[in-house]
Structure formats: C-alpha cells, structure tokens
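The values are calculated or read from the model by the stated rules, or taken from the named source; none is laboratory data. For clarity, every value in this text was computed on a predicted model and none was experimentally measured. Quick reminder, even Gly has a Cβ in these numbers, built from the backbone with ideal geometry, and neighbours come from all protein chains shown.
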Amino acid sequence: MITVQHRFIDHQINSTTETLIIGTFNPETADNDAEFFYGRSRNYLWRLLPTAFGKADLKGASKQKKLDFIREHKIDLTDLIEEIQVEEGQEANYYDGYIDNTVTRWKNIISLIDTLPNLKRVCFTRKTFSDIPNMKKQLSEIQKHCNNKGIAFQALTTPARFYREDKQTEWTNFLLNGNK
C-alpha cells in the first residue's frame with residue numbers, strides 16, 4: 001500500500017474567511033498538475049467563482065491571482081481528506097467512490113470552522129452521496145455543526161467536468177446569498 005497526502009496539506013485558511021468551500025481530496029502525485037485547489041483542466045471552479053462576482057475568468061490564471069481573488073472575496077478552500085492509502089498504481093485515482101474507502105486521515109473541518117469567527121456559509125462541492133458513505137458521515141457532522149452555529153451549509157453541483165449556466169446560477173446564488 002502507498003500513502004498519498006493531500007497536495008495542498010499546508011494551505012493555511014485565512015482567518016477572515018466568510019465562505020468555506022470543501023472538496024474531497026487532491027493527491028500529491030506526479031500525475032497531478034494542479035497548482036492549487038481545483039486547478040485541473042476539467043474543473044471550472046475558477047470560472048464559477050469570479051463570474052459570480054462579475055469578475056474575469058481565472059481558469060488557467062496563476063496561483064497568486066487565485067489567492068488574491070479568494071482573499072478579496074473572503075473565500076477559502078479545504079478538503080475533507082488529508083491522507084489516503086492505496087494500492088500501487090492507484091495514486092492518481094480521483095474517483096470519490098474509490099477514495100472514500102482509502103482514507104487514513106480526515107481533516108478536522110469542525111475545528112477549522114470554530115477558528116473562523118466571520119464564517120457565513122460552507123459548501124461541499126458535490127450533491128450526491130450514494131457512493132461515499134464515509135464522506136457522507138463526515139459531512140453530516142459538519143452540516144449539523146454549521147446548523148448549530150447558524151452558518152449556511154449547502155451541497156452544490158460539482159465544479160468539475162463542464163461549465164453550464166444553471167451551475168453558474170446555483171454557485172452564484174450560494175456565494176452571494178448563502179442559499180439556492
């Protein structure tokens with residue numbers, strides 16, 4: 001078995017964050033060319049976020065431009081998983097249904113939330129949970145914690161695979177209003 005850590009495990013969440021976006025896992029592997037969260041070619045988060053605020057598309061922009069954008073808009077990014085253990089050859093398997101059963105260390109998102117006094121909304125970048133029971137359990141606890149603290153929580157359509165207007169509308173409404 002091979003241990004794979006999160007590629008951005010050392011990313012520090014800004015203490016002024018108002019919107020926290022939670023994903024699943026971004027592996028530290030040679031095959032992964034993402035320079036920052038959601039940086040793979042088939043992910044459109046960096047189009048969805050700026051468009052919601054009437055700004056230029058950042059898909060393909062530098063890491064620094066993305067960092068500047070999230071700081072300006074008090075958004076930050078994290079993932080549920082810090083480390084997995086997989087069979088050799090599966091280090092770059094991005095399928096959540098596979099990853100769900102390989103987790104050796106979860107990120108303590110609830111403790112993270114408690115360090116963010118300005119947090120208003122939290123989202124998870126996936127709507128379906130049928131093939132990820134372990135992640136679903138983690139998210140259920142996070143959602144319950146958010147509800148207890150009066151923080152909006154929503155599962156959103158994944159920013160991966162394609163860009164569509166209805167996806168943009170969903171993300172924009174959440175980012176600007178905290179709900180659908």
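When LYS127, LYS120, LYS167, LYS149 are screened for being under 18 Å from ILE70 (Cβ atoms) and basic (Lys, Arg), only LYS120 passes.
Report yes if some residue within region 16-24 is over 16 Å from the mean Cα position of the chain (by Cα) and in contact (Cβ under 8 Å) with a residue 60 or more places away in the chain; otherwise report no.
yes
Scanning region 70-106 for residues that are among the basic types (Lys, Arg) and touching a residue at least 60 places away in the same chain (Cβ under 8 Å) yields a single hit, LYS74.
Quick grid of which residues meet (1) at pLDDT 95 or above; (2) within 16 Å of the chain's Cα centre (by Cα); (3) surrounded by 12 or more Cβ atoms within 10 Å (Cβ to Cβ); (4) not hydrophobic (A, V, I, L, M, F, W, C):
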position: ILE81; (1), (2), (3), (4): yes, yes, yes, no
position: ASP96; (1), (2), (3), (4): no, yes, yes, yes
position: ARG126; (1), (2), (3), (4): no, yes, yes, yes
position: ASN134; (1), (2), (3), (4): yes, no, yes, yes
position: LEU139; (1), (2), (3), (4): yes, yes, yes, no
position: ALA155; (1), (2), (3), (4): no, yes, yes, no
position: PRO159; (1), (2), (3), (4): no, yes, yes, yes
position: LEU176; (1), (2), (3), (4): no, no, yes, no
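The set of residues in region 98-116 being surrounded by fewer than 16 Cβ atoms within 10 Å (Cβ to Cβ), of a type in the set (Val, Ile, Thr) and closer than 19 Å to ASN134 by Cα consists of THR104, ILE110. Of everything listed in (1) at pLDDT 95 or above; (2) surrounded by fewer than 20 Cβ atoms within 10 Å (Cβ to Cβ), the single unmet condition for LYS180 is (1).
Considering region 47-69 alone, what residues qualify as being touching a residue at least 40 places away in the same chain (Cβ under 8 Å) and exposed (fewer than 13 other Cβ atoms within 10 Å of the Cβ)? Residues satisfying the conditions do not exist here. Selection of first residues in region 152-166 that are more than 28 Å from GLU141 (Cβ to Cβ) and touching a residue at least 24 places away in the same chain (Cβ under 8 Å) and of second residues that are crowded, with 17+ Cβ neighbours inside 10 Å and aliphatic (A, V, I, L, M), restricted to Cβ pairs under 9 Å at least 6 apart or on distinct chains, gives the following pairs, ordered by first then second residue: TYR163/LEU48. Set side by side, the residues THR29, THR51, THR115 differ, and just one is closer than 20 Å to ILE142 by Cα and β-branched (Val, Ile, Thr), which is THR115.
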